[in-house]
């Protein structure tokens, strides 16, 4: 009889099914997929699997009228959601920043000549540092601002030049230990201390610079470039993942994408300015 009640409930549910219900299901399914996609390969992924197991147990306990188990599971799930927000704030911030970045207009006035110069200076300096096996750590800020790390560094605010980059990371100089943070195509701060990546599964051959590169990329949308002091290998970190063994061509391609002149965004800005000016002229 109990089984027949379940079948009847399912049949009644399908009979009242609307297009809005289908849309509702698709949106929830997409959100779950994105949460899993953002959290995979992070420490939050294991907790999400645990919460999923608790959810299944709760549904089964409700289905079979196991009141005590159902009560405990409901309370555990509420506590679990609070724990997710408290313990995994960096992953949540990165995910929200990733979503918000899709709606961000870059209104920079940097020209193609400026972008080409930045790529040339930065790539040549990193190649030279790599050949000399001089360690370097460079963070290229994107949509998520990194102001919270400026207090640990030294204000520079200088144009990017190969000589300056090499001089900063020259051993036994005041600014060589720490990270350079690039904002809007300029060296904004140097010698900044970054959070270290805490994943216990990370390779032991990766030193402090690589862990810092992964750490900052896991809590923001920045791209972090690393030159290994031991091997001279050039790597970059993005979204908590490390890509190693960049050759000159791959490095230049990456930098060109990072510092590409925002022609579309600039034309959008000019268009809005023209509209605003035309509106003021009509009013006058």
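Scanning region 149-195 for residues being on the phi > 0 side of the Ramachandran plot and not in a loop (DSSP other than H, G, I, E, B) gives a total of 2.
Say whether the condition of being closer than 17 Å to residue 216 by Cβ, touching a strand residue (DSSP E or B) at 6+ places or on another chain (Cβ under 8 Å) and modelled with pLDDT under 95 is met by at least one residue in region 113-136.
Just the residues of region 113-136 that are closer than 17 Å to residue 216 by Cβ, to begin with: 135-136.
From the residues that got through so far, the ones that are touching a strand residue (DSSP E or B) at 6+ places or on another chain (Cβ under 8 Å) too are 135-136.
Cutting the leftovers down to modelled with pLDDT under 95 gives us none.
Checked against the condition, which is being closer than 17 Å to residue 216 by Cβ, touching a strand residue (DSSP E or B) at 6+ places or on another chain (Cβ under 8 Å) and modelled with pLDDT under 95, region 113-136 yields no hits at all.
Only a single item in (1) in contact (Cβ under 8 Å) with a residue 40 or more places away in the chain; (2) buried (at least 22 other Cβ atoms within 10 Å of the Cβ) is not met by residue 210, and it is number (1).
Restrict the check to region 241-253 and report whether at least one residue is part of a loop (DSSP other than H, G, I, E, B), surrounded by 12 or more Cβ atoms within 10 Å (Cβ to Cβ) and modelled with pLDDT of 90 or more. Outline the logic, then answer.
Going through region 241-253, the residues part of a loop (DSSP other than H, G, I, E, B) turn out to be 244-247.
Keeping just the survivors that are surrounded by 12 or more Cβ atoms within 10 Å (Cβ to Cβ) gives 244, 246.
If we keep only those that are modelled with pLDDT of 90 or more as well, we get 244, 246.
Looking through region 241-253, at least one residue is part of a loop (DSSP other than H, G, I, E, B), surrounded by 12 or more Cβ atoms within 10 Å (Cβ to Cβ) and modelled with pLDDT of 90 or more.
The values are calculated or read from the model by the stated rules, or taken from the named source; none is laboratory data. Computed from a predicted model, the values in this text were never measured in an experiment. We place every Cβ from the backbone using ideal geometry, glycine too, and count neighbours over all the protein chains shown.
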